[in-house]
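The next block holds one structure in the form of structure tokens; read it before the comments.
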Amino acid sequence: MSMIVAWVCKITVALALACGFAAAVSCGDDSGASPDGGGSGGSGATDASDGKAGTVGCLAPEEVPVACPTPKVTFANVQEIFQARCVSACHNGVTPDPTMPGRTLWPLIDQGHIEDWQDEIRAMMADCSMPPRDAGVPMTIEDRRAIIEFVRCLDRDAGAETFSRAGRVHNHELL
């Protein structure tokens, strides 16, 4: 039965990516979202005065950052978070992609990788689908918010320019 579930998940993710939707690509077969909106994966930064500091979980929709804060969040601010929560678990350039045999999951090793995947990262951090619950990678609300704010700052830094992936090959573009 679990093999059927794994294949259905793989097919669903492949179809979603082919259609241009952000979908959680897990190291396992669980989406990571729980019915109450909180997975044990990801987390974002919160104001320590809100009582959530250090809490593993998800941001409520109204808590998801919609702009780059001042002072802006830099790659140096979030590099350790990406390394501990993303790169060390799956997004290291060597972990096999369960939906595409012979390929690896998209890496998040450096700022360029994160810029390439900023829309997907923002969506998956906001909906708490990354890191997936079954990956065993807890993320605090502070870390989740910091990542979203960093990606929002990438948007601001781009100014009026439109971000383009021209000339870069990504797994989901190969479908």
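The values are calculated or read from the model by the stated rules, or taken from the named source; none is laboratory data. Just so it is clear, the model here is predicted, and its values are computed rather than measured. Counting neighbours? That spans all protein chains shown, and the Cβs are built from the backbone with ideal geometry, glycine included.
VAL137 passes every criterion in (1) within 19 Å of PHE75 (Cα to Cα); (2) among the aliphatic types (A, V, I, L, M); (3) in contact with a helix residue (DSSP H, G or I) (Cβ under 9 Å, 6 or more places away or on another chain) apart from (1).
The requirement of being touching a residue at least 60 places away in the same chain (Cβ under 8 Å), under 17 Å from SER88 (Cβ atoms) and either in contact with an Asp or Glu (Cβ under 6 Å, 6 or more places away or on another chain) or not hydrophobic (A, V, I, L, M, F, W, C) (or both) is satisfied by ASP134.
A count restricted to the range 117-145 and to residues that are assigned to a helix (DSSP H, G or I) and over 12 Å from the mean Cα position of the chain (by Cα) stands at 5.
Within the range 73-91, is there a residue that is part of a loop (DSSP other than H, G, I, E, B), surrounded by fewer than 18 Cβ atoms within 10 Å (Cβ to Cβ) and at pLDDT 95 or above? Yes: one or more hits. Yes or no: the range 123-138 includes at least one residue that is within 14 Å of ALA60 (Cα to Cα) and among the hydroxyl-bearing types (Ser, Thr, Tyr). Yes, the conditions are met somewhere in the range 123-138.
Each residue in the range 136-146 was checked for being buried (at least 20 other Cβ atoms within 10 Å of the Cβ) and closer than 24 Å to PRO96 by Cβ, and 2 pass. Going by what's in this entry, would VAL87 be described as in contact (Cβ under 8 Å) with a residue 24 or more places away in the chain and β-branched (Val, Ile, Thr)? It is false that VAL87 is in contact (Cβ under 8 Å) with a residue 24 or more places away in the chain and β-branched (Val, Ile, Thr).
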